[in-house]
1. Of the numbered conditions (1) surrounded by fewer than 16 Cβ atoms within 10 Å (Cβ to Cβ); (2) over 22 Å from B:Gln170 (Cα atoms); (3) near DNA strand D (Cβ under 9 Å from one of its atoms), B:Arg107 fails exactly one; give the number of that condition.
2. Kindly indicate the residue of region A:24-54 that is at pLDDT 90 or above and over 26 Å from the mean Cα position of the chain (by Cα) and also nearest to DNA strand C (Cβ to nearest atom) among those meeting that condition.
3. Please work out if B:Gly91 is touching a Leu at 6+ places or on another chain (Cβ under 8 Å), loosely packed, with under 15 Cβ neighbours inside 10 Å and modelled with pLDDT under 95.
4. Check region A:68-81 and report whether any residue there is closer than 26 Å to B:Ala160 by Cβ and assigned by TED's automatic domain parsing to the domain that holds A:Arg148.
5. Which numbered condition trips up B:Leu75, out of (1) closer than 30 Å to A:Phe55 by Cα; (2) hydrophobic (A, V, I, L, M, F, W, C); (3) within 12 Å of chain A (Cβ to nearest Cβ)?
6. Note down all Cβ pairs under 6 Å where the first residue falls in region B:143-172 and is more than 7 Å from chain A (Cβ to nearest Cβ), the second is aromatic (Phe, Trp, Tyr), and they're at least six residues apart or on different chains.
7. Count, please, the residues in region A:55-65 that happen to be buried (at least 20 other Cβ atoms within 10 Å of the Cβ) and under 11 Å from the mean Cα position of the chain (by Cα).
Number of protein chains: 2
Amino acid sequence: MTVSKTAADAVRSSRALRREPVDPAGDDSMLQLGELSGLLGYSLKRAQLKVFEDFLRCVAPLQLTPAQFSVLLLLDKNPGRNQTEIANTLGILRPNFVAMLDALESRDLCARMRSTNDRRSHILVLTDKGRAVLARAKKLVANKHEARLIEVLGPANHAALLEMLAKLAQEF
Amino acid sequence: MTVSKTAADAVRSSRALRREPVDPAGDDSMLQLGELSGLLGYSLKRAQLKVFEDFLRCVAPLQLTPAQFSVLLLLDKNPGRNQTEIANTLGILRPNFVAMLDALESRDLCARMRSTNDRRSHILVLTDKGRAVLARAKKLVANKHEARLIEVLGPANHAALLEMLAKLAQEF
DNA sequence: GATATTTGATATGGTGCATAACGATTATTA
DNA sequence: TAATAATCGTTATGCACCATATCAAATATC
């Protein structure tokens, strides 16, 4: 075995002995991911971060986070629901949903109305401004964000991806 | 138009007029996700949470988080690297990597060694215990975690999913 | 009518993530 | 060579997200 001064040298020689492939970019710049690239959870998280990043860019003019957008969408599709119901379907805990609604309500995007049936609960409603912002957000998401995703993946792959992710979210 | 006392009634009637399909579980329990189910970012995040949850369950006996596991994997595949290099490839900021390494080092899974070349940097090495824990973790991940994923998705889909996620993480 | 449950809310703690700044060391350059 | 800049690990700090316990008001249950 040859004597090597640096640790990097030792890596190079041991890899040479085992005849392992080396990253195209070389030893110094790119590290070996190893089985990390086969770890679904790792790839999922990295992809999710990138996609959220792009979402924020695309919808930046409206100052909406993915979570806020999902709330507006849900309020539009499900009028007459209270905080607990909306929060539950989004996987948000009720205490954490309070501040979120405060932010949306302070921007006049939605409003809490005391229910006449059950005066404990707040019926959530989109304001006119909320509906307008949602409409503009939908367009940005569809034409900029999702359009880019479909372009990168291809329409068929995009659909297949959605299906697999839905299955994971359900059966897991 | 019929007069309805409750908001839920109003939803039911308007949906009846538009002849929209109703969730199988009924109006009260299940809410309409709407275009949320077509939002890739939404599905990505929900799937990622489920997968991480399962990872934690499977590797619970070793008390390793996904992030910690990824660090051990990377140290094994890339000996002789310093903190900045490892942190960068994992997308972890150097300040936040310090506490992470402290935790691993306090459990004797890895060690920091002052580099002789550059006495500023710490060369990271797996300890014997670290290698042993990593070996056991790899088995748990492969046989319990990834095995279940492949079973749910099917091997071909699992591979296709990985490929698409990698493409998203790269080209986005 | 007494007790239990539900709803929105508050407080609080943990964790992940981001930025600024520091001392020690090394690299650059005047 | 001396002065300056850059890098490495580290600390401090703040923000966002997530989770639990708890509360008052209102409702449901018995």
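The values are calculated or read from the model by the stated rules, or taken from the named source; none is laboratory data. These figures come from a predicted structure and were not determined experimentally. Every residue, glycine as well, gets a Cβ built from its backbone with ideal geometry; the counts of neighbours run over all protein chains shown.
1. (3)
2. Across region A:24-54, the extreme among qualifying residues is A:Leu31.
3. Working: touching a Leu at 6+ places or on another chain (Cβ under 8 Å): yes; loosely packed, with under 15 Cβ neighbours inside 10 Å: yes; modelled with pLDDT under 95: no.
No: the conditions fail for B:Gly91.
4. no
5. (1)
6. Close Cβ pairs (under 6 Å, with a partner that is aromatic (Phe, Trp, Tyr)) amount to B:His145/B:Phe55.
7. Adding up the residues that qualify gives 1.
This table checks each residue for (1) charged (D, E, K, R); (2) away from every other protein chain (no Cβ under 13 Å).
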{"site": "B:Leu40", "(1), (2)": "no, no"}
{"site": "B:Lys50", "(1), (2)": "yes, no"}
{"site": "B:Arg57", "(1), (2)": "yes, no"}
{"site": "B:Phe69", "(1), (2)": "no, no"}
{"site": "B:Gln83", "(1), (2)": "no, no"}
{"site": "B:Gly91", "(1), (2)": "no, no"}
{"site": "B:Arg94", "(1), (2)": "yes, yes"}
{"site": "B:Ser106", "(1), (2)": "no, yes"}
{"site": "B:Thr127", "(1), (2)": "no, yes"}
